[in-house]
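The values are calculated or read from the model by the stated rules, or taken from the named source; none is laboratory data. All values derive from a computational prediction rather than experimental measurement. All Cβ positions, even for glycine, are placed from backbone atoms using ideal geometry, and neighbour counts span all protein chains on display. To get the accessible areas, we keep the full protein, side chains included, count just its heavy atoms, and leave off ligands, DNA and RNA. Shrake-Rupley method; radii C 1.70, N 1.55, O 1.52, S 1.80 Å.
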Protein chains: 4
Amino acid sequence: MTNTIKKIGVFTSGGDSPGMNAAIRAVVRTALYHNIEVVGIRRGYEGMINAEFQDMDRKSVANIIQRGGTILKTARSQAFLTPEGRQIAYNNLKKINVDALVAIGGDGTFTGAKVFGEEFDMPILGLPGTIDNDLFGTDFTIGYDTAINTVINAVDKIRDTAESHDRLFIVEVMGRDCGLIALRSGIGVGAESILIPETKTDINAIIHRLEISRKDKSSKIIMVAEGDDAGGAFEVAEIIKARFPNYDTKVSILGHIQRGGSPTCMDRVLASRVGVAAVEGLLNGERSQMVGLIHGKIAFTSFEQAIKHHVEVNENLLKIVEVLSL
Amino acid sequence: MTNTIKKIGVFTSGGDSPGMNAAIRAVVRTALYHNIEVVGIRRGYEGMINAEFQDMDRKSVANIIQRGGTILKTARSQAFLTPEGRQIAYNNLKKINVDALVAIGGDGTFTGAKVFGEEFDMPILGLPGTIDNDLFGTDFTIGYDTAINTVINAVDKIRDTAESHDRLFIVEVMGRDCGLIALRSGIGVGAESILIPETKTDINAIIHRLEISRKDKSSKIIMVAEGDDAGGAFEVAEIIKARFPNYDTKVSILGHIQRGGSPTCMDRVLASRVGVAAVEGLLNGERSQMVGLIHGKIAFTSFEQAIKHHVEVNENLLKIVEVLSL
Amino acid sequence: MTNTIKKIGVFTSGGDSPGMNAAIRAVVRTALYHNIEVVGIRRGYEGMINAEFQDMDRKSVANIIQRGGTILKTARSQAFLTPEGRQIAYNNLKKINVDALVAIGGDGTFTGAKVFGEEFDMPILGLPGTIDNDLFGTDFTIGYDTAINTVINAVDKIRDTAESHDRLFIVEVMGRDCGLIALRSGIGVGAESILIPETKTDINAIIHRLEISRKDKSSKIIMVAEGDDAGGAFEVAEIIKARFPNYDTKVSILGHIQRGGSPTCMDRVLASRVGVAAVEGLLNGERSQMVGLIHGKIAFTSFEQAIKHHVEVNENLLKIVEVLSL
Amino acid sequence: MTNTIKKIGVFTSGGDSPGMNAAIRAVVRTALYHNIEVVGIRRGYEGMINAEFQDMDRKSVANIIQRGGTILKTARSQAFLTPEGRQIAYNNLKKINVDALVAIGGDGTFTGAKVFGEEFDMPILGLPGTIDNDLFGTDFTIGYDTAINTVINAVDKIRDTAESHDRLFIVEVMGRDCGLIALRSGIGVGAESILIPETKTDINAIIHRLEISRKDKSSKIIMVAEGDDAGGAFEVAEIIKARFPNYDTKVSILGHIQRGGSPTCMDRVLASRVGVAAVEGLLNGERSQMVGLIHGKIAFTSFEQAIKHHVEVNENLLKIVEVLSL
């Protein structure tokens, strides 16, 4: 344990995700529990450069565990991509005696943290805050569980109208490079097909499935991750309409509602656990790692691995879609 | 009271709306209470022509009051627009001894009901089932209250991310000819501006408001009804982006989630009340009217008036947007 | 218009209700719109006596329209019941130059406001903030619509388990003197019977209804207002269990969840409208009145009438319970 | 693979849990996918004895994945505890040529399944359907995730009013022998203290924590599992009120809402995965085991182990409560 850490800075960066506030709360409370000061850095790396700091006490994080978004706000920073920007950030942190950092965000955040940790003598640990679940080194990221529940609740509403009209809905969810939101929420709503970037989309197979399931089901849902190789929901709808001109096919793009909302219990607990572990990890000398949960246990993974390693799609999940949708 | 009514047919037609099931339940239960048989007609006028009938008993409508959509399904019918189609529909109804009808839907539904009631000796009463709230003769339509709550819950989620990123969101809601969903939900989310078809949209005024409110608010919502004269959300966003190129402006089209979901208490109570009143109205000899609630009391309005009369936008609501958003 | 009002105080008092924050926001924003200062008084009359004041600007009420509870907190005050307490409160208000007040609460709040307005030269208007809907002079109170939706959402969950087990549930909701929460939510969940303080409860009739509906329905809900003359849910359950010993009868007391939650759209719009009207009313010289909505229009009712007049139970609502539950 | 299985029976038993319908759907669809017939057994073991059978096809399980409760209903059976009852059940199953069973429920269900599988030549696999998460051999049980989210959503509402009034709430959740609902939901709501049957409750420590946290927090939540050794919420409240007579302490018993509601995405996916695996397991000759997920992978555990092995409380979760609540 290095006893030199007396003040920790905490910030959120990149796209926001539900549970970030629970993570901030855990970091602040744990630091105070260990008699360490905490400063909140607003707007991520951009705020570090602009010296947007605020002291955090127990009250600063009261009554926020249930709130979506991030009370520290978030931003993307061009300036932090430059050595000059990072130097200013470091100087600002030193001016207020910050000894260590907890960064909450996704791969962009950790890329910045990795570089910053290498350039300066600043211990940094990261918490996986992204709805995409695309980080290696944790079973789930903070916000993913909330996002998939937001999706299924929205699609449950869409199904009401799909059932009433015997319609086919093509629903597009977030996921430019990663289909995990589409995959689990697609299973959760009983989608006929799930189109994700990780697998080659076979439109003919989808059309074949639609044909054989027509007589048994009045409503149908096809779930599309925005980054699928067949295109987004509108492109998929065009292909299907061309083949089934008489079928009543509609498109729904769920969009930004997927980033918000009160976090689920799992996201709050995950955020709380990794938040506690990050502060304790810093006190134990850990640095330049992401703190995640693997098989329900706290696990540290280097930033490098967390970003670069490919998160594999669970083949079993793909297979059960085929079994259950017919 | 005409004692000749022994069997009532009930159906839903046009776009579905939350609370239609509660209305079906009320019609069925009230008829049975008065010892009248009830038949459910599936898929509206189309099902009338195709003789898609199902007998309804108490169990048929058990445990449906809370469900979105319509268990009788709905459709639009080209065939019913022709005299031949309507004759077939009438013959089918007579074959199973239907004496009277309750039609649940919006203006298209009532237009059909009006013609049908004039051509044949068939008492028909209508229930206002549409999320648009665009029918004259009722304070609210069945589904409107649910739809505006769906909108505000979605925008509350969007605001989480808007707040975290200091963004402006242009949110498009349903309403091709009618801005009532946008108006009330816009007030409900504290929108900066609400753009509706009933009023001339003044983009310069909107931009002016954005300028003066910039320093006081980190997130901003502009609510646009899809039929606004300035265009939909994407068109409005283009104009605003051109003026504020540095502002982080995003678009969200809420789409079909607005038609679904479990109905609110107000929609369930409204549907129950007008459903009871429709059956009792038929027994009392009423016909060719919509049954609504005006000032909390049951009111009958001729189909002609219900469809044609303009539903006025409450000027006070428009005015308070201006006061509250600054 | 009296031009003498330059500073308004706003406070919440008594039991909290969802929508109070939307009302506070409307009062603050409207005052600022008219270039009037606003001070928030924390913890109602108690805070007036303890001089718990905070200046309010546009930012103070940003992002609160969707929040349950009250940011100004609320309390009950023994001290304000005494002339000495009220004198201190008045002196404190005068010290900070408060010219007029907006009080948000229920009958206890307005009783205090009425006395205070009579004793001192202080214009006060009230906003109906209570989940009970028991105030004369407004169609609905702020929070009522949210409360009944909270109830039906809870009972929808209870019905899942009731259906699965063929159970009878006795559900107790708030309402010591007023059965309006039980009445509308009871219709909303399709309750077999609704027991409210305003009507004499006939247990034999309830048992009779249970007997005849047993074969048609697998689950049953009886809704009881806590102040019913037959007792609360436990008492009612005892009577029913004695009569149907083999029936699986369970009790659920919904309790304090009924006071919380994000306000519905109707509550937010209602709160916004009466909040605007209260400030404008003060500027127009109105005083010692509650601002409500009657038939969708702003209406002023003297505190005396608002408190004392009996809110009648809608007989039609009672009647449709009988029709629909069989 | 034994090719002798041509017809599978599926049933739910014991207390219902959200996700049971998703499990039934998965069993039915997977069996049909493998060209195996499926019969639904209503009311669990009781229905087996009473021959309450219904054939299941693809449509039988359409549009149920999102529904709470169980469409097959559930019951507890005294008759099945006797050898005679089980013999009748077996005979009934044989009459309709049922070759194998999938039992969805908790430890009572599996105890019955174990005995039945030993007495007769009937392959049975079990799915963990209970909100309590008290089964060995699976990371989570079907319904647990939904239950803890129902709890945190209810407590979020309670917190609104707790915050407004500076109150302490003692919230009682389900868990006669198992504190896992209390533990995770307690962390999810940021409870001051969590009282569970697995640990000795130290009231003095709780009171000490309340004392030191009083100045930093306006609202406080203590979460109590119904089976805690200190008693339920009312008993705990009495002790605390005796010590803090001036503190505004309230009790809320969440009760049966915890069993209902639309299942979360995690519960739907879990139910789908183990449902598929159970049918495929039967085809592969597995029997007398529960199918769960351990570390995200399908795992078979003998009924004996699933029931008897103690599910340990995660010590880390207990520890972070202490860190975060101060």
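Here is how the numbers come out for the structure above:
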| item | result |
| --- | --- |
| Averaged over D:147-155, number of beta-carbon atoms from partner chains that fall within 10 Å | 5 |
| Listed residues A:Thr109, A:Thr146, A:Ile96: farthest to the positive end of the dipole of segment A:87-164 (Cβ charges) | A:Ile96 |
| Euclidean distance between Cα centres, segment D:130-203 to segment B:271-311, Å | 48 |
| Over chain D, relative contact order from alpha-carbon pairs under 8 Å, at least 6 apart, % | 24 |
| DSSP-assigned coil residues among trypsin sites (Lys or Arg not before Pro) in segment B:99-185, each with at most 16 further Cβ atoms within 10 Å | B:Arg176 |
| Carbon/sulfur fraction of accessible area - segment D:146-259, other protein chains in place, 1.4 Å, % | 47 |
| FRET efficiency, C:Asp57 to D:Lys7 (Cβ-Cβ, R0 60 Å, nearest 0.05) | 0.25 |
| Computed magnitude of the charge dipole of segment B:145-260 (debye, nearest 20; Cβ of K, R +1, Cβ of D, E -1) | 260 |
| Shielding by partners, peptide B:53-63 (average Cβ within 10 angstrom, other chains) | 3 |
| Amide H contacts under 5 Å for A:Gly261, placed H, 5+ residues apart | A:Gly68, A:Gly69, B:Asp160 |
| Alpha-carbon centroids, segment C:63-118 and segment A:59-74: separation in whole Å | 30 |
| Global geometry of segment C:1-148, whether rounded, prolate or oblate, following the gyration tensor of its Cα atoms and the 1.5 cut on a/c | oblate |
| Radius of gyration and Dmax over the Cα atoms of segment C:170-326, both given in Å | 19.2, 65 |
| Shielding of B:130-138 by partner chains, average beta-carbon count, 10 Å | 0 |
| Most mobile of B:Ala79, B:Ala113, B:Ala103 in a GNM of chain B (Cα contacts under 10 Å) | B:Ala79 |
| Full-extension gain in nm, A:Gln78 to A:His309, via 0.36 nm per residue minus C-alpha separation | 80.7 nm |
| Trypsin sites (Lys or Arg not before Pro) within segment D:24-61, DSSP loop, no more than 16 other Cβ atoms inside 10 Å | none |
| 222 nm mean residue ellipticity, helices alone, for chain D (DSSP H n ≥ 4; -39,500 (n - 2.57); rounded to 500) | -13000 deg cm²/dmol |
| Relative contact order of segment D:146-259, pairs being alpha-carbon contacts under 8 Å that are 6 or more residues apart, as % | 39 |
| Chymotrypsin sites (Phe, Trp or Tyr not before Pro) within segment C:86-135, DSSP loop, no more than 16 other Cβ atoms inside 10 Å | C:Phe120 |
| Estimated vicinal HN-Hα couplings, Hz - segment B:80-94 in sequence order (Karplus 6.51, -1.76, 1.60; Gly, Pro = x) | 6, 6, 9, x, 5, x, 5, 5, 4, 4, 4, 4, 4, 5, 5 |
| Reachable aspartates and glutamates from D:Lys73, criterion Cα separation under 18 angstrom, eight or more residues apart if same chain | C:Asp156, C:Asp160, C:Glu163, C:Asp166, C:Asp216, C:Asp248, D:Asp16, D:Glu46, D:Glu52, D:Asp55, D:Asp57, D:Asp107 |
| Whole-Hz ³J(HN,Hα) from phi, Karplus 6.51 cos²θ - 1.76 cosθ + 1.60, for segment C:127-137, glycine and proline x | 10, x, x, 6, 6, 7, 6, 9, 10, 6, x |
| Cβ-based net charge around C:Gly69, under 10 Å, with every Lys or Arg adding one and every Asp or Glu removing one | +2 |
| Amide hydrogen neighbours beyond the local backbone of B:Gly190, cut-off 5 Å, H modeled | none |
| Degrees between helix B:315-325 axis and first principal axis of chain B (Cα, 0 to 90, nearest 10) | 30 |
| Per residue Cα convex hull volume in Å³ - calculated over segment A:189-236 | 76 |
| Karplus-derived 3J(HN,Hα), 6.51/-1.76/1.60, for each residue of segment B:237-244, Hz, glycine and proline x | 4, 4, 4, 6, 4, 4, 7, 10 |
| Alpha carbon convex hull of segment B:207-284, projected area averaged over orientations, nm² | 8.8 |
| Around B:Ala233: net Lys/Arg minus Asp/Glu count, Cβ-Cβ under 13 Å | -3 |
| Cα-based helix-to-principal-axis angle, D:144-165 vs chain D, degrees rounded to 10 | 20 |
| Semi-axis lengths (Å, descending) of the ellipsoid that matches the C-alpha gyration tensor of segment D:146-259 | 20, 17, 12 |
| Approximate shape of chain A as ellipsoid semi-axes (Cα gyration tensor, √5λ), whole Å, largest first | 42, 18, 17 |
| Cα long-axis angle, helix C:203-213 against chain C (0 to 90 degrees, to the nearest 10) | 60 |
| Net charge over other residues, Cβ less than 12 angstrom from the Cβ of B:Glu322 (K, R count +1; D, E count -1) | 0 |
| Residues with amide H under 5 Å from that of C:Gly126, placed H, sequence gap 5 or more | C:Ala103, C:Gln289, C:Met290, C:Val291 |
| Relative intensity, log₁₀ I(q)/I(0), of the protein assembly as shown from a Debye sum that treats every alpha carbon as a point, q = 0.04, 0.08 Å⁻¹ | -0.22, -0.95 |
| Two-decimal Rg/Rh across segment C:259-302, once Rg and the Kirkwood Rh are taken from alpha-carbon atoms | 1.03 |
